[in-house]
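Each reported figure results from applying straightforward, stated rules to the coordinates on display, with no laboratory input. Note that this is a predicted model, so its numbers are computed, not measured. All Cβ positions, even for glycine, are placed from backbone atoms using ideal geometry, and neighbour counts span all protein chains on display.
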Amino acid sequence: MDDVLLTKYLLSESTEQEAAAVRNWIAAHPDNERHYMQLRAIWEASRALAGKRDLDENEAWERFVRRRDQPRASLKMGWVRIAAALLLVCSAALAGVFLFGAKRDGLFGSTYQTADATRTDTLADGSVITLNRFANLRFAQHPFKGKREVDLRSGEAYFEVKPNKNKPFVIQSGQVTVTVVGTSFHVRRNGNETQVTVESGKVKAAAPDKTVALGPGQTVTIDTRTGRFDEGVVKDQLHNYYVSKRFVLDNTPLWRIAEVLEHAYNVDIVIARRELRELPMTTTLGQGSLDDVLTVVAETLELTIERKGNQIIVK
């Protein structure tokens with residue numbers, strides 16, 4: 001939703017059709033309502049500030065018009081008030097330090113986190129995120145910044161970014177910065193290591209010493225502690241299991257199956273014999289219980305599964 005239209009609605013300058021669109025948008029998702037309330041809070045704060053200083057709205061607008069090459073005399077007074085309101089909001093941004101203190105950044109953001117389950121949400125800008133288990137991120141869409149910001153604090157998330165050329169979508173994962181306009185991709189953070197895998201569109205991943213552009217089917221793993229920067233191509237679809245809710249195996253070796261199941265179910269899988277590691281398997285498994293998945297793998301590959309607490313031994 002355009003903030004200009006929200007401003008018109010705040011000032012009761014919107015048409016009935018525009019007002020209905022705003023009300024529907026606010027009711028569609030809690031994040032939308034939160035964004036509107038934040039904007040209204042800034043507007044009310046700016047009105048309070050305006051009462052403490054001499055500001056002639058019409059005079060301010062006329063000065064702006066005189067600086068433009070083309071006359072704008074036909075603009076309605078409603079737009080004069082909107083322009084003046086935006087001017088006041090900009091002033092309020094500076095005063096926000098005193099009004100909101102150290103918590104002012106929290107006014108424009110929302111935190112999303114998961115425990116032992118995945119979660120899908122729609123952000124205030126219309127982008128969709130799916131968080132894997134034990135993920136934590138913060139999304140902010142500050143009205144005075146020309147970008148949408150995500151701080152991926154831990155875990156893994158899949159992003160379907162709503163295109164907006166005027167506001168790039170920027171993800172900070174430790175010292176790695178991922179920048180997009182509109183695309184879909186995965187970002188996984190584990191301490192100093194960040195992995196980016198692109199499904200569609202283009203993504204730029206930047207570390208302190210290097211930047212790489214990625215397209216569909218490409219991936220990069222960056223470790224900012226060691227300086228490791230590994231680029232590659234996606235060889236299977238297993239990275240997408242927490243979004244699709246299934247494990248797609250296509251001649252997939254057992255070691256890779258074990259690797260993904262370890263991550264998906266938070267267990268330790270040991271392949272007891274080296275010759276078993278490359279056994280291939282082709283099927284699609286639903287992301288049910290770990291016992292169900294292991295039973296299918298064991299029966300298909302004629303293996304024996306032994307469990308010792310959180311450790312699983314494949315023989």
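Miscellaneous remarks
- Size descriptors for the range 238-315 (Cα atoms only): Rg and Dmax, in that order, 11.4, 32 Å.
- Rg over Rh, two decimals, the range 114-233 (C-alpha only, Kirkwood Rh): 0.94
- Percent antiparallel among DSSP beta bridges (both partners in the range 238-314, rounded to 5): 70 percent
- Per-residue extension of 0.36 nm, minus the Cα-Cα distance of THR282 and VAL234, leaves a gain of 15.6 nm for this segment.
- Placing dummy labels 7 Å off each Cα toward the beta-carbon, the span from SER154 to GLN175 is 2.1 nm.
- Computed from label points 7 Å out along Cα-Cβ, the spacing between ALA213 and LYS165 is 1.6 nm.
- Label zone at ASN136, where the point sits 7 Å out along the Cα-to-Cβ direction: the range 170-208 residues whose backbone N lies under 19 Å: 171-176, 187-195
- Pairwise Cα separations in the range 162-308 fall into 10 Å bins from 0 onward with the following percentages, short to long: 10, 35, 30, 20, 6, 0.
- Order of LEU285, LEU6, LEU301 - criterion: other Cβ atoms within 10 Å of each residue's Cβ, fewest first: LEU301, LEU285, LEU6
- Subtracting the Cα-Cα distance of ARG34 and THR300 from their residue separation scaled by 0.36 nm leaves 90.7 nm.
- The length gained on full extension between LEU11 and ALA117, counted as 0.36 nm times the residue separation minus their Cα-Cα distance, comes to 33.9 nm.
- Annotation: the residues ILE26, ILE171, ILE305, sorted from fewest to most other C-beta atoms within 10 Å of their own C-beta, follow the order ILE305, ILE26, ILE171.
- Cβ crowding within 10 Å ranks VAL296, VAL178 as VAL296, VAL178, fewest other Cβ atoms first.
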